Each structure stands twice: as structure tokens, then as C-alpha cells.
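**Student:** Sending over a structure as C-alpha cells; questions will come in a sec.
What follows draws every value from the coordinates through simple rules; no lab data is involved. No experiment lies behind these values; they were computed from the predicted model shown. All Cβ positions, glycine included, derive from the backbone under ideal geometry; neighbour counts span all protein chains shown.
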Amino acid sequence: MDFLIFSIYLFLFIVILVFIFSAGLLTPMIGKKSIAIVGILGFIMGGVGGGFLITPIYQDLPYIVGGFHSVIDPNHEILKVLVSSHNDLNQSIETIKGMKGFKSLKETGFKLTTSSFSDNRKKFIENYLSLRNYSAYEVDTSGVITVFTNKKFNSNELNNISRWLQYTGSITTKSSFIYFDVNVNCHDVVENMNNFTKGAIVVESATGPVQDTIKLVKSKMFGENYVLLITGMMGLFAALLGSFWDNIPKFYRRKL
């Protein structure tokens with residue numbers, strides 16, 4: 001949500017509250033017995049207005065806060081990018097360098113998708129990978145083997161692992177990918193993730209200070225039903241404030 005849409009939604013909700021307040025001002029003309037009806041209508045209008053106007057703002061709140069953070073620290077968001085090893089690697093790297101807000105890239109490992117295997121075979125594969133001194137690895141029996149390493153990519157290494165899997169356990173390699181950590185401006189994270197969602201180059205995830213802020217805000221947020229309740233209560237308050245507006249100056253005069 002851009003700033004213009006945010007401002008329009010917030011302005012329209014304020015207009016609704018002003019309208020509710022104005023309706024409350026008419027209470028003396030239609031009778032004090034109508035206060036309950038005005039209050040109920042105020043609550044309903046506040047809740048409906050909150051559902052259509054405030055809920056979208058609330059949903060985007062983590063990204064709004066992240067946007068403020070990005071002004072302070074705009075240069076350290078990391079996209080974890082998967083590149084198919086079956087494509088021209090040099091061409092893929094040039095495509096990555098053409099990402100909006102690109103700063104640098106670093107090879108960090110590779111992933112193999114294979115046919116499924118047993119738990120015993122998983123332990124056998126993990127033992128094999130541990131002997132190769134990789135920095136970390138994850139083996140899933142569904143057929144996903146992820147290896148993290150600081151070594152420069154070597155296609156022979158992937159081919160050797162694929163052949164070893166086939167010869168020792170009849171495990172077929174379906175596809176293989178190389179991992180890159182790509183440093184980009186945080187303002188361009190969403191656009192790059194949307195532009196690279198499928199094909200030979202895929203943005204798998206994003207990490208960094210701004211992403212951490214977004215996740216933190218999301219973890220602290222309450223359910224959207226509470227937004228409806230709060231905005232409904234705001235509508236009720238505006239209605240009651242309008243209904244008793246004429247009595248407020250009298251109350252202060254008595255205090256004085």
C-alpha cells in the first residue's frame with residue numbers, strides 16, 4: 001500500500017467518524033431516548049468502516065513499519081536465490097546482477113531434488129556429506145538435499161553426488177540448483193521476489209534487518225476481528241460524544 005492510498009483510506013475513515021459525530025449532535029432534536037439507537041448505528045458504521053478502510057492498513061502495518069526502517073538501513077537485505085544448474089550459469093549470474101537494487105552476490109550452496117528414500121538411507125547420506133566438510137546440510141526423506149558451503153560452485157561436484165546417490169541407493173536426481181545470497185536495496189525486495197517467482201532463477205526467501213522488523217511486527221499483531229471491535233468502539237464513542245456535546249460546556253462551567 002503506497003502513501004497515497006494509505007492517506008485516502010485514513011481520511012475516509014475520519015470522515016465516517018465525523019458523520020457519526022454529526023448524527024450524534026442531532027440527538028437533542030430527535031429525543032434523548034434515541035441515544036441508544038445512535039450509539040448502535042455508530043458502532044455498526046465504525047465497524048464496517050474499519051473493515052473496509054482500516055483493516056487493509058492494519059494488514060500492511062508490518063510493511064509500513066518496515067518501510068520506515070528501510071530509510072534508516074536500506075542496504076542490507078539478502079535474497080536467497082536458486083539457480084538451475086542445467087542452465088547457462090554465467091547468463092544466470094548476469095540476470096541476477098540485473099536485479100533492481102542489486103549490490104553483490106555470493107554462492108552459498110546447492111540443492112538436489114531426488115526420489116524419496118528411507119530414514120536409514122538418510123543417515124547414510126548425512127554421513128557421506130559430513131565427510132566432505134560442508135558447513136551445513138539438510139536431508140529430507142521426501143527427496144530434498146540442501147547443502148551449504150562457501151566453496152565456489154563446481155558442476156562436477158553436483159554430478160558426483162548425483163552419481164553416488166544413484167549407484168549406492170538407486171536414488172534418481174530430478175533437478176539441481178545453486179544457492180546465491182544476493183544483496184539488494186530493501187526497497188526492491190518485494191519487486192524482485194514478484195519478478196522472479198518461477199523459471200531458471202527463483203527467489204526463495206528474503207532476510208535482513210527490515211525483514212526481521214516485518215516479522216517482529218507480525219508476531220505482535222492481534223487478530224483482525226479486534227480491528228473491527230476497536231473501530232466499532234470508536235464509532236460508538238463518536239456517537240456518544242456528539243450526543244452529549246451540548247452538555248460538555250455546561251459541565252466545565254460548573255467545575256469553574
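**Student:** For ASN120 and ASN87, what is the calculated FRET efficiency with R₀ set at 35 Å and r taken between the beta-carbons, to the nearest 0.05?
**Tutor:** 0.55
**Student:** Rounded, prolate or oblate: which fits the range 50-95 when a ≥ b ≥ c are the square roots of the eigenvalues of the alpha-carbon gyration tensor, with rounded for a/c under 1.5 and prolate only if a/b beats b/c?
**Tutor:** Oblate is the answer for the range 50-95, as a/c is 1.5 or above yet b/c matches or exceeds a/b.
**Student:** Could you list which residues have their amide H under 5 Å from that of TYR137, counting only those 5 or more apart in sequence or on another chain, with H placed in the peptide plane?
**Tutor:** PHE148
**Student:** Looking at this model, which pairs from LYS152/LYS215; LYS111/LYS220; LYS174/LYS215; LYS103/LYS215; LYS174/LYS218; LYS122/LYS220 are more than 26 angstrom apart at the alpha-carbon?
**Tutor:** LYS152/LYS215; LYS111/LYS220; LYS174/LYS215; LYS174/LYS218; LYS122/LYS220
**Student:** On the Cα set of the chain, report Rg and Dmax in Å, please.
**Tutor:** Both quantities, over Cα of the chain: 29.0, 94 Å.
**Student:** List the residues, sorted by chain then number, that are 5 or more residues from ALA200 or on another chain and whose placed amide H is less than 5 Å from its amide H.
**Tutor:** Placed amide hydrogens put nothing under 5 Å from ALA200.
**Student:** While we're on this one: Which order do LEU4, LEU82, LEU12 fall in if you start with the one that has the fewest other Cβ atoms within 10 Å?
**Tutor:** Ascending number of Cβ neighbours within 10 Å: LEU4, LEU12, LEU82.
**Student:** In the Gaussian network model of the chain, springs joining C-alpha atoms below 10 Å, which of PHE117, PHE13, PHE102 carries the largest mean-square fluctuation?
**Tutor:** The residue with the greatest mean-square fluctuation here is PHE117.
**Student:** Relative contact order for the chain: what percent, with Cα pairs under 8 Å and sequence separation of 6 or more?
**Tutor:** Value for the chain: 39 percent.
**Student:** List the residues whose amide H sits under 5 Å from the amide H of GLY208, counting only those 5 or more places along or on another chain, with H placed 1.01 Å from N in the peptide plane.
**Tutor:** ILE78
**Student:** Apply the Kirkwood formula to the range 82-207: the hydrodynamic radius equals the inverse of the mean of 1/r over all pairs of different alpha-carbon atoms; give it in Å with one decimal.
**Tutor:** Evaluated on the range 82-207, it is 15.5 Å.
**Student:** Calculate the length of the line joining the C-alpha centroid of the range 136-183 to that of the range 191-229, in whole Å.
**Tutor:** Taking the Cα centre of each part, the range 136-183 and the range 191-229 sit 28 Å apart.
**Student:** Another question about this same structure. Only helices at least 15 Å long along their own axis, judged from Cα atoms, and with Kyte-Doolittle mean hydropathy of 1.6 or greater: name those in the chain from DSSP H.
**Tutor:** Passing helices, by number: 3-25, 35-49.
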